[in-house]
Amino acid sequence: MTPSGTNPATGEPSRGDSWNAAWELLLPAAAAPARQRGRALQSALREAVRSGRLVAGTRLPSSRELAADLGVSRGLVTEAYEQLTAEGYLRSGRGSGTWVGGAARTAARGVRDLAPRAPGARVDFRPGTPDLSLFPRSAWAAAHKSVLARLPHRALGYPDPRGLPELRTALASLLTRRRGVVADPECLVVCSGVAQAMTLLGFVLHGHGLRTVGVEDPGSHEHGALFSAAGLDMTALPLDAEGLATGPLEGTGIRAVVTTPAHQFPTGIAYSAQRRTELLDWARAVDGLIVEDDYDGDFRYDRAPVGALQGLDPDRVAYTGSVSKSLAPGLRLGWLLVPSRLADEVVERKRTMDLGNPALDQALLADFIDRGGYDRQLRRCQRAYRERRDALVGALTDHFPGTEVSGIAAGLHIIARLPERCGPEPRFLDLAARSGVAVRPLADYMVADVGDAGVRLVLGYAHLAPTEIERGVRLMAEAVRKTP
């Protein structure tokens, strides 16, 4: 059966070929169980229009004809035509038949995956990713079952936008014990990672009249992007050997800065005690705020981690962190400790942004912390990441003699300055890419142009096994040796 006739809107012949192309989509609907047949037919027709199999201007067969061809009741077809006409997919007029309308547009085909990856890389040294194979699946699954079984029904309603009280209490205890913060659960907000914490602060600071935030240079580009989304401009501030230089802050009018004092990203230095004091003095003098991103403060391999800056003055430091490096970034669980004077505004912004994080995920993390699972996970990661850092430093020593590794023995990445013979840097980066090794130069994280400073790389290692680390460094070394 091929419909024929003339399109009453355009006077053009109807598009029978379009109907033939869509015909096969309707056949499964006719074979559906009797109670589901009507919905199945409507869904099939709707999908045929959305997908472009039935193009605008196609004349459909009469309800009697289509019912006879499909072997279904005429009433079922009439109901389907009426429903899709009401929705705008079809149009009809007395005596003119039923036609495909022009309101629907062909749906985009395919689903893109925008997760950050290095396509085609044999070894990926780009920083920022933990070893996801270390995620405690068995312990997490057991906790999930236990928590879900005893979670009261009321806990599945809209949560406190700050987070479940049990999680805020567990996090406050954990952060006080491990990071030396002053953690009042009433000033702690559970967030979808550090990214949301920064965004929340950005909106609140903007509401207080701030229009510029200082960021470390070099530093994480994410900080600037997140505050920019809240309407704040970024001013890059230089670092020296002790941390963020306070001299350039004088006279700028800046009243908020973003810092990574425990393990600066990406240089790897730890702020000196003197610089911490100077920053706090600056914040007090200008009635300002220091935003502390403690992104990997738990991982130090040569001594106990340096305590958080927030512990020295919780009224001048907003502290944020997450489980992205210790468990998995895909969990989207983090926290924000804010000065009490900003707490209500941050909580209100969090409420209007998303009404709070998923209650079950929060209850699960609280249980995992309370039962010691989180401490065990940190110890497990600590052992693995220290071994991999040693493997990377050893591989660089073997394959690139004379390499300088800077920064403290901590975190999930190192800064490596390769010997001069490996340069210039653009040439080295091209060779590395051709050999299938993904790397990031330190220059990618800098605003100020320092000219030719040799080949300086930010090398992540936590997500790579020691054998992969050695292989990646060897591949880069072979590429350099083979090139005249």
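The values are calculated or read from the model by the stated rules, or taken from the named source; none is laboratory data. Every value quoted in this text rests on a predicted model; they were computed, and no experiment measured them. Cβ atoms come from the backbone with ideal geometry, glycine included; neighbour counts cover every protein chain shown. Heads up: the accessible areas ignore ligands, DNA and RNA and are worked out on the full protein's heavy atoms, side chains in. Shrake-Rupley method; radii C 1.70, N 1.55, O 1.52, S 1.80 Å.
Run the numbers for Glu65 and Glu420: contour at 0.36 nm per residue of separation, minus the present Cα-Cα distance, in nm.
Values: separation 355, 0.36 × 355 = 127.80 nm, distance 8.06 nm.
119.7 nm is the gain from fully extending Glu65 to Glu420.
Backbone N atoms of the stretch 168-197 closer than 16 Å to the 7 Å Cα→Cβ label point of Arg379 belong to residues 178.
Net charge near Lys482, counting Lys/Arg +1 and Asp/Glu -1 over other residues with Cβ under 14 Å of its Cβ? That works out to +3.
Taken one residue at a time, the phi angles of the stretch 279-287 give Karplus couplings (6.51, -1.76, 1.60, θ = phi - 60°) of 5, 5, 4, 4, 4, 5, 5, 9, 6 Hz. Gly and Pro are set to x. May I ask you to give the percent of accessible area on the stretch 262-377 that is carbon plus sulfur, with a probe radius of 1.4 Å? Roughly 49 percent, rounded to a whole number.
Remark: the Arg35-Thr78 segment gains 13.9 nm on full extension, using 0.36 nm per residue and subtracting the alpha carbon distance. Spin-label model, Ser340 to Arg177: label points 7 Å out along the Cα-to-beta-carbon direction sit 2.5 nm apart. If I fit a long axis through the Cα atoms of helix 137-150 and take the longest principal axis of the Cα atoms of the chain, what angle between them do I get, 0 to 90°, rounded to 10? Once rounded, the angle reads 70 degrees. Here each label is just a point 7 Å from Cα along the line to Cβ, and for Asp444 and Thr85 those points are 5.8 nm apart.
Using only the alpha-carbon atoms, how far is helix 466-482 inclined from the longest principal axis of the chain? Give it as 0 to 90 degrees, nearest 10. Between the helix axis and the principal axis of the chain, the angle is about 80 degrees. Global size of the stretch 129-208: 15.7, 46 Å for Rg and Dmax (C-alpha atoms, Rg to one decimal, Dmax whole).
Tell me what the chain gives for mean residue ellipticity at 222 nm when only DSSP H runs of n ≥ 4 count, each as -39,500 (n - 2.57), the sum divided by the residue total, rounded to 500 deg cm²/dmol. Before the final figure, lay out each step's value.
Working: 14 runs with 200 residues, N = 484.
Using -39500 (n - 2.57) per qualifying helix, the result is -13500 deg cm²/dmol.
Annotation: amide H-H contacts under 5 Å for Thr235 (H modelled 1.01 Å from N, sequence separation of 5 or more, or interchain): Val213, Gly214, Val215. Taking a ≥ b ≥ c as the square roots of the eigenvalues of the alpha-carbon gyration tensor, the stretch 261-353 is classed oblate because a/c is 1.5 or more while a/b is no larger than b/c.
A 1.4 Å probe run over the protein chains yields, for the chain, 47 Å² of accessible area per residue, whole-number rounding. Of the trypsin sites (Lys or Arg not before Pro) found in the stretch 265-307, the ones in coil according to DSSP and having at most 16 other Cβ atoms within 10 Å of their Cβ are Arg303.
With all projection directions averaged, the alpha carbon convex hull of the stretch 390-484 covers 6.0 nm².
Taking amide H positions as modeled 1.01 Å from N, with prolines and chain starts lacking one, the residues under 5 Å from Leu60 and 5 or more places away or on another chain are Thr98, Trp99, Val100.
Amide H to amide H, with H built 1.01 Å from N, Arg440 comes under 5 Å of Val458, counting only residues 5 or more places away or on other chains.
Between 0 and 90 degrees, the angle of helix 425-434 with respect to the longest Cα principal axis of the chain falls at about 50 degrees.
Give the relative contact order (percent, whole number) for the stretch 59-117; include only Cα pairs under 8 Å separated by 6+ residues. Answer for the stretch 59-117 is 30 percent. Computed 3J(HN,Hα) for the stretch 161-177, one whole-Hz value per residue from the Karplus formula 6.51 cos²θ - 1.76 cosθ + 1.60 where θ = phi - 60°, is x, 6, x, 4, x, 5, 6, 4, 5, 5, 5, 4, 5, 4, 5, 5, 6, glycine and proline marked x. May I ask you to list the residues of the stretch 77-117 whose amide nitrogen lies under 20 Å from a point 7 Å from Cα along the Cα→beta-carbon direction of Phe135? Under 20 Å, as judged by backbone N against the label point of Phe135, lie 112-117 of the stretch 77-117.
Within a Cβ distance under 12 Å of Leu327, other residues only, what is the Lys/Arg minus Asp/Glu net charge?
+2
By definition, a body whose alpha carbon gyration tensor gives a ≥ b ≥ c is prolate when a/c is 1.5 or more and a/b is larger than b/c, and the stretch 244-315 fits this prolate description. Label point of Arg211 set 7 angstrom out along Cα-Cβ; within the stretch 225-262, amide nitrogens under 20 Å from it belong to 225-237, 249-258.
Cα gyration tensor of the stretch 352-430, axes a ≥ b ≥ c as square roots of the eigenvalues: rounded (a/c below 1.5), prolate (a/b > b/c) or oblate? Walk me through the numbers before you get to the answer.
Numbers: a/c = 4.79, a/b = 2.11, b/c = 2.27.
Note, shape of the stretch 352-430 comes out oblate.
Each Lys or Arg adds one and each Asp or Glu subtracts one; over the other residues with Cβ under 9 Å from the Cβ of Arg417, this totals 0. Taking log10 I(q)/I(0) by the Debye sum over Cα atoms at q = 0.06, 0.07, 0.09 Å⁻¹ as calculated from this structure, the corresponding entry among (1) -0.23, -0.32, -0.54; (2) -0.31, -0.42, -0.67; (3) -0.43, -0.56, -0.77 is (3).
Residue by residue, the stretch 38-54 carries 3J(HN,Hα) couplings of x, 5, 5, 5, 4, 5, 5, 5, 4, 5, 4, 6, 4, 7, x, 5, 10 Hz when phi is fed to the Karplus relation 6.51 cos²θ - 1.76 cosθ + 1.60 (θ = phi - 60°); x denotes Gly or Pro.
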